[in-house]
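One structure is given below, encoded as structure tokens.
A short reminder: the numbers here are calculations on the coordinates, not readings from a lab. Note that the structure is a prediction, hence the values are computed from the model and not measured. Cβ placement follows ideal geometry from the backbone for every residue including glycine, while neighbour counts extend to all protein chains displayed.
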Amino acid sequence: MTIAESVRAQLAPIHTEGYPFFVGLALASLVLFWLWPPLGWVGTLATAWCAYFFRDPQRVTPVREGLVIAPADGRVSQLALAAPPLELNMGSMPVPRVSIFMSVFDCHINRSPVSGRIERIAYRHGTFVSADLDKASENNERNAFVISTASGPICVVQIAGLIARRIVPFAREGQDVAAGDRIGMIRFGSRVDVYLPADTRPLVSEGQTVIAGETVIADLHPIDLARQFRKT
């Protein structure tokens with residue numbers, strides 16, 4: 001492997017959602033260099049950060065029925081019992097919920113935590129309080145997926161935060177997805193909640209850092225069978 005190939009292997013590509021921001025900042029940097037070079041360097045740093053923020057790295061996802069994989073990069077901000085969003089019509093009984101907070105430095109591509117079919121997508125307008133707060137699950141703008149699996153439905157909720165003002169879904173209702181598939185993104189800091197079937201025990205703890213498409217956050221089967229992996 002050449003040095004150039006080694007460097008390219010360490011650099012994640014930019015997701016297409018980031019192209020308008022990247023190109024806009026790059027052009028602005030050229031103009032700033034022409035006006036005053038120090039401002040141009042500031043623009044260059046902003047352009048580099050944009051490329052970093054919209055990175056879309058490849059992940060190696062554990063593949064086995066019953067495994068629930070982290071849908072987002074970030075920190076597990078809360079483990080709680082909570083009812084799924086009302087707009088999903090999944091009842092009012094509290095179920096285990098894993099909340100993952102994404103800072104502006106985390107990769108913001110969201111992935112399906114399980115293999116199954118997207119039965120429903122529900123978007124709800126709301127406020128933009130800090131996504132790290134508990135009330136964000138109820139009050140903030142959000143986009144929810146219900147994914148049917150052999151072990152029961154799994155609900156994934158993208159929640160906009162104080163800075164994030166744009167939720168971008170990639171998947172659609174009726175679509176079959178595999179664990180680790182890209183289903184959407186949230187721009188500039190946010191949170192993702194995963195609602196698990198009742199009596200499911202999460203395998204992560206509050207404060208733990210998780211990686212989308214790789215970290216196992218729950219197991220719907222009591223017996224740990226052999227796992228396989230696939231690149232996503």
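Structural remarks
- Label-to-label distance, Glu138 versus Arg64, with points set 7 angstrom from Cα along the beta-carbon direction: 3.8 nm.
- Trypsin sites (Lys or Arg not before Pro) restricted to the range 43-84 and DSSP loop, no more than 16 other C-beta within 10 Å: Arg64
- Scaling the Cα radius of gyration of the range 59-127 by the globular reference 2.2 N^0.38 Å produces a ratio of 1.25.
- Extending 7 Å from the Cα toward the beta-carbon at both Glu173 and Arg230 defines two label points whose distance is 2.6 nm.
- Scaled against the 2.2 N^0.38 Å expected of a compact globular protein of N residues, the Cα radius of gyration of the range 19-150 reads 1.38.
- Enclosing the Cα atoms of the range 164-211 in their convex hull gives a volume equal to 133 cubic angstrom per residue.
- Remark on the range 12-89: hydrodynamic radius 16.2 angstrom, per the Kirkwood mean of 1/r across alpha carbon pairs.
- Gain on full stretching of the segment that runs from Ala48 to Phe33 - 0.36 nm per residue minus C-alpha separation: 3.9 nm
- Paramagnetic label reach from Gln208 (point 7 Å along Cα→Cβ; backbone nitrogen cut-off under 20 Å): within the range 62-84, residues 62-82.
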